[in-house]
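Only the coordinates and a few stated rules stand behind these numbers; no lab work does. All of these numbers come straight from a predicted model, not from anything done at the bench. All Cβ positions, even for glycine, are placed from backbone atoms using ideal geometry, and neighbour counts span all protein chains on display.
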2 protein chains.
Amino acid sequence: MTRSAVMGMGSWGTAFAMVLAEAGGQVRLWGRRADLVEGVNRDHRNPGYLPDLELSHLVSATTDPAQAMAGADLVVLAVPSQALRQSLSGWRALIPGRAVLVSLMKGVELGTTLRMSQVVQEVTGLPSERVAVISGPNLAPEIARRQPTASVVACTDHDVAERVAQACATGFFRPYTGVDVVGIELGGAVKNVIALAVGMAAGMDLGDNTKATIITRGLAETARLGTALGADPLTFAGLAGLGDLIATCMSPLSRNRTFGERLGRGESLAQAVAANQQVAEGVKSCRSIRQLAREHGVDVPITEGVVAVVHEGLSPGDLGRSLLSRARRTEGG
Amino acid sequence: MTRSAVMGMGSWGTAFAMVLAEAGGQVRLWGRRADLVEGVNRDHRNPGYLPDLELSHLVSATTDPAQAMAGADLVVLAVPSQALRQSLSGWRALIPGRAVLVSLMKGVELGTTLRMSQVVQEVTGLPSERVAVISGPNLAPEIARRQPTASVVACTDHDVAERVAQACATGFFRPYTGVDVVGIELGGAVKNVIALAVGMAAGMDLGDNTKATIITRGLAETARLGTALGADPLTFAGLAGLGDLIATCMSPLSRNRTFGERLGRGESLAQAVAANQQVAEGVKSCRSIRQLAREHGVDVPITEGVVAVVHEGLSPGDLGRSLLSRARRTEGG
């Protein structure tokens with residue numbers, strides 16, 4: 001039986017704990033908030049996130065990271081992207097000797113432009129074959145309702161990816177395996193920026209042709225950037241590229257899309273932040289992704305446009321006009 | 001100034017005539033129905049399709065195919081897929097000596113499993129460099145409202161593709177060019193089948209993860225089939241693959257998606273046909289696409305499943321269970 005520690009009790013951490021338990025594993029959830037931990041241990045529910053999801057007796061919770069990680073085969077990281085470095089620095093000494101670290105996080109660290117698995121390796125000193133990532137069309141509320149979906153588990157060591165996949169394979173959650181960690185992580189990070197652009201189009205009352213065009217060309221720029229960083233371009237046509245992007249852009253639950261819609265309707269950044277009660281992930285990461293692209297000489301017009309609207313005062317209407325007035329060319333060009 | 005004949009006065013033919021005129025060309029629409037022709041010539045509107053779209057004085061219409069095609073540089077074909085062979089056989093002798101034939105049609109001919117450009121070549125005897133195809137996220141009602149979108153013009157001769165692209169490039173319609181005629185056409189045909197599957201999922205109240213997974217794996221099987229037929233796999237990540245597929249699957253206007261929803265809610269094929277008032281394109285083409293796949297030894301589980309539900313009495317619920325119980329593997333495998 002696989003023993004897992006899931007570090008983080010937000011929606012995705014909680015839903016993934018359920019998946020691991022459903023696959024037959026024993027799971028310890030770690031969270032900072034005692035009320036959430038107590039809810040899981042007493043009522044088998046996380047009262048703060050997905051409160052309708054009943055967790056099995058195989059899932060317990062603790063506020064003590066040492067207790068969560070003791071004897072774990074898998075240490076699943078599900079904290080906010082920009083908080084990872086600090087959290088993990090405190091946990092470093094507690095990681096069991098042979099555990100595999102599994103990142104559920106999507107983002108690029110501000111300042112360093114490192115992907116999450118790179119931050120994990122830098123902080124822990126672990127080799128790449130001890131670090132796996134999981135990404136795909138995995139909106140947590142739908143997984144909590146056991147609706148069928150698929151995902152990709154990637155690790156530079158394919159046997160490790162396969163072991164992690166076995167630990168989370170259930171009748172409704174279907175993990176494929178792969179080795180392209182760079183591509184899997186980049187797809188997850190850039191999709192938030194593309195979802196902002198799709199939201200802007202929706203906010204301007206544009207239709208499905210326009211949204212589909214933004215998604216397609218957005219994925220093309222993600223693939224260009226990924227290829228420059230060493231990813232396999234075909235990864236972006238897969239579940240963690242296209243799949244995750246579509247789910248995010250279709251879903252009315254997506255914070256990035258909703259945030260973009262507000263900007264598209266003419267609200268200011270401050271108004272959108274106030275209404276959404278938090279800053280959408282893409283608002284934070286669009287600048288680090290633009291920085292990555294510039295460092296590698298890659299053309300990312302949609303990301304550039306999103307940065308210009310979100311941070312530099314360009315109107316969404318002017319963004320649309322500037323994208324359409326670029327020189328025509330061959331599609332792959 | 002480019003002179004075009006647009007053969008067919010349905011939604012896409014009418015909207016594309018507007019695009020050609022907006023790009024500065026002169027357009028003659030051909031249609032069988034005198035009332036539609038008269039509407040265009042008298043009121044600059046097609047009263048049968050997109051009646052709110054005002055056409056410029058550069059667009060006229062006729063019921064006489066000879067008059068429509070006389071002196072045309074481009075002959076744009078926009079008739080129903082399964083009617084192409086018969087219509088074109090009657091027009092063959094009227095095609096001007098240097099005209100390029102441009103197919104807007106999406107489908108695979110029943111019985112022969114030929115793509116539309118293959119039917120064009122077979123009927124006219126023209127070489128491939130005289131036949132271009134156009135496909136992309138191009139829902140006609142949105143183009144009629146001049147909402148921004150992009151498309152791909154493909155021809156084995158890239159200069160011809162570029163000439164056709166110039167003839168239809170406007171501020172809101174952005175044609176990219178390419179040479180992968182096989183991939184562009186196949187994407188357009190298979191997307192109707194995938195949209196049926198996405199509709200079934202929606203009809204069963206499944207969420208965006210499931211839909212995104214079907215779209216992603218559906219595109220993967222389209223790419224497998226296309227590659228076996230000689231297409232460039234990257235075409236399917238582009239506007240005529242992914243882009244068109246997303247627009248179709250997102251749009252509440254898509255007949256294929258709506259049809260699938262009815263089946264997903266438990267209606268019979270006969271009930272769905274009665275309610276939709278016509279058979280969706282994917283219902284017709286799923287069998288010829290399955291036949292193509294079997295002839296080339298390509299695994300197309302979603303297409304097989306759609307055929308089984310639509311024509312062989314499998315329930316949509318059983319389709320979902322059978323897709324999820326397939327052996328897990330690497331994503332590209």
For chain A, with a Gaussian network of springs between Cα atoms less than 10 Å apart, report the residue from A:THR210, A:THR149, A:THR303 with the top mean-square fluctuation. A:THR210
Diffusion constant of segment B:1-66 at 20 °C, which comes from Stokes-Einstein with the Kirkwood Cα-pair radius and 1.002 mPa s, µm²/s: 192 µm²/s
Over the protein assembly as shown: helical MRE at 222 nm, DSSP H runs n ≥ 4 each giving -39500 (n - 2.57), nearest 500: -15000 deg cm²/dmol
Long-range amide H contacts for B:VAL76: which residues qualify at under 5 Å (H placed 1.01 Å from N, peptide plane, sequence gap of 5 or more or a different chain)? B:ALA5, B:VAL6, B:MET7, B:VAL102
Between helix B:11-22 and chain B: long-axis angle, C-alpha atoms, 0 to 90°, nearest 10: 50 degrees
Computed about the Cα centre, the charge dipole of the protein assembly as shown from +1 Lys/Arg and -1 Asp/Glu charges at the Cβ has a magnitude in debye, to the nearest 20, of 260 debye
Could you tell me the center-to-center distance, by alpha carbons, between segment A:93-125 and segment A:257-333 in angstrom? 27 Å
Toy charge model, Lys and Arg Cβ at +1, Asp and Glu Cβ at -1: segment B:54-134 dipole around Cα centroid in debye, rounded to 20, equals 200 debye
Using the Kirkwood formula on the Cα atoms of the protein assembly as shown, what hydrodynamic radius do you get, in angstrom to one decimal? 25.9 Å
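Over chain A, what relative contact order in percent results from Cα pairs under 8 Å that are six or more residues apart?
Taking the mean separation of contacting Cα pairs over the length of chain A, I get 14 percent.
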Could I get the Rg over Rh figure for chain B? Both from C-alpha atoms, Rh via Kirkwood, rounded to two places. 0.97
Diffing segment B:149-166: the Karplus 3J(HN,Hα) column from phi (6.51, -1.76, 1.60, θ = phi - 60°), in whole Hz with x for Gly and Pro, holds 7, 10, 7, 10, 9, 10, 7, 4, 9, 5, 4, 5, 4, 5, 5, 5, 4, 4
Which entries of A:LYS191/B:LYS284; A:LYS211/B:LYS191; A:LYS211/B:LYS211; A:LYS284/B:LYS191 show an alpha-carbon separation above 28 angstrom in the structure shown? A:LYS191/B:LYS284; A:LYS284/B:LYS191
Ranking B:VAL164, B:VAL6 by Cβ neighbours within 10 Å, fewest first, what do you get? B:VAL164, B:VAL6
Please work out the Cα convex hull volume for segment B:54-103 and give it in Å³ per residue. 99 Å³
In degrees between 0 and 90, to the nearest 10, how far off the longest principal axis of chain A does helix A:301-312 point, with axes built from Cα atoms? 90 degrees
Pairwise centroid distance, computed over Cα atoms, of segment B:207-245 with segment B:1-63, Å: 33 Å
Which angle between 0 and 90 degrees, to the nearest 10, do you get for helix B:208-228 versus the longest principal axis of chain B when only C-alpha atoms count? 70 degrees
Per residue, what volume in Å³ does the convex hull of the Cα atoms of segment A:81-149 enclose? 118 Å³
